[in-house]
Ligand SMILES: Cc1cc2nc3c(=O)[nH]c(=O)nc-3n(C[C@H](O)[C@H](O)[C@H](O)COP(=O)(O)O)c2cc1C
């Protein structure tokens, strides 16, 4: 399939694996890219910019296909040397950066100078338009369904994607709630140039996370995610567990007086415990509503090949068949 995104990224299929904390290691990025999609290493999962440089080098050993790096600029408990992380990306020869969280404008001159493409992840049309205006090359439009941070507008993709298509000139991919060929074909119909998947790629053979995480996603239904940190205007969609229910109880009790320190135990340092050790109740970790559509653990190649074959069938048989009838 050829879209503006496959052309821009130099890939075979219009499917991107979004940056994911403690999931987006070289193994997953390389597996997605080797399967013809676009894999992304998560920059801040690496403890230092030097570690990120090593992770990028490791990924080059596993694939000769294009892959990118995510740099997420979010409120965090400690100061992060973003400039140095960005330098590791530039010096690592990366050609595409996925930015998220805040306006990436301060980094754009350096990235443009090196010819690096920027895909900014946005949860609203106004942020997408801002990304376009400051010179981003594409946007990843993340609907309310998404795992992670859906923003505060709560607009699902059935509305957000056509709105983005009406307003944007640069290419965009649909993100949030994407799992299969139906997601891809629907996104293309709504004006997107491809799709970005997070949660779906965690439940793959190559995702280097504890098996309990994959099993939890397979077991979960679309009713099992919760929105946390809404009173802090840092909303995150997570899979429910004992720690998440405790966190929500604190939110109910403290209301708008809640501070990040009050929920430190439920959100601080959770990802290595969940993703690497399989300590599933240790805190809040991102997961999309799409968990309700995931019931297997394929390889990335099986997943992507399956999506593309079924998309072909959906378009040529189901849709064309309806027109011919
Ligand atoms: C476990 C997990 C961790 C994530 N970590 C990040 C991150 O560090 N930076 C980021 O920009 N997005 C992050 N995301 C969001 C994904 O890149 C992607 O936008 C989102 O998962 C899409 O929604 P979906 O899960 O419904 O596919 C994360 C998502 C998940 C599920």
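Looking across the stretch 10-37, the residues that are part of a loop (DSSP other than H, G, I, E, B) and more than 15 Å from the ligand (Cβ to nearest atom) come down to 10, 11, 12, 13, 35, 36. Picking from residues in the stretch 191-223 that are assigned to a loop (DSSP other than H, G, I, E, B) and without any contact (Cβ under 8 Å) to a residue 60 or more places away in the chain, the one that is farthest from the ligand (Cβ to nearest atom) is 191. Determine whether the stretch 53-65 contains at least one residue that is surrounded by fewer than 24 Cβ atoms within 10 Å (Cβ to Cβ) and within 16 Å of the ligand (Cβ to nearest atom). Yes, there is a match, as at least one residue in the stretch 53-65 is surrounded by fewer than 24 Cβ atoms within 10 Å (Cβ to Cβ) and within 16 Å of the ligand (Cβ to nearest atom). Looking at 178, 280, 229, 197, just one residue is touching a helix residue (DSSP H, G or I) at 6+ places or on another chain (Cβ under 6 Å) and crowded, with 18+ Cβ neighbours inside 10 Å, and that residue is 280.
Of everything in the stretch 171-190 that's closer than 17 Å to residue 288 by Cα and in a loop (DSSP other than H, G, I, E, B), which residue is farthest from the ligand (Cβ to nearest atom)? This residue is 180. For the stretch 74-86, does any single residue satisfy the condition of being away from the ligand (no atom under 16 Å from the Cβ) and either surrounded by 15 or more Cβ atoms within 10 Å (Cβ to Cβ) or under 19 Å from the mean Cα position of the chain (by Cα) (or both)? Within the stretch 74-86, none of the residues are away from the ligand (no atom under 16 Å from the Cβ) and either surrounded by 15 or more Cβ atoms within 10 Å (Cβ to Cβ) or under 19 Å from the mean Cα position of the chain (by Cα) (or both). Just one of the numbered conditions (1) outside any loop (DSSP other than H, G, I, E, B); (2) exposed (fewer than 15 other Cβ atoms within 10 Å of the Cβ); (3) within 18 Å of the chain's Cα centre (by Cα) is not true of residue 118: (2).
Here, each number is a calculation from the coordinates, and none is a lab measurement. Note that this is a predicted model, so its numbers are computed, not measured. Cβ sites come from the backbone with ideal geometry, for glycine too, and all protein chains shown count toward neighbours.
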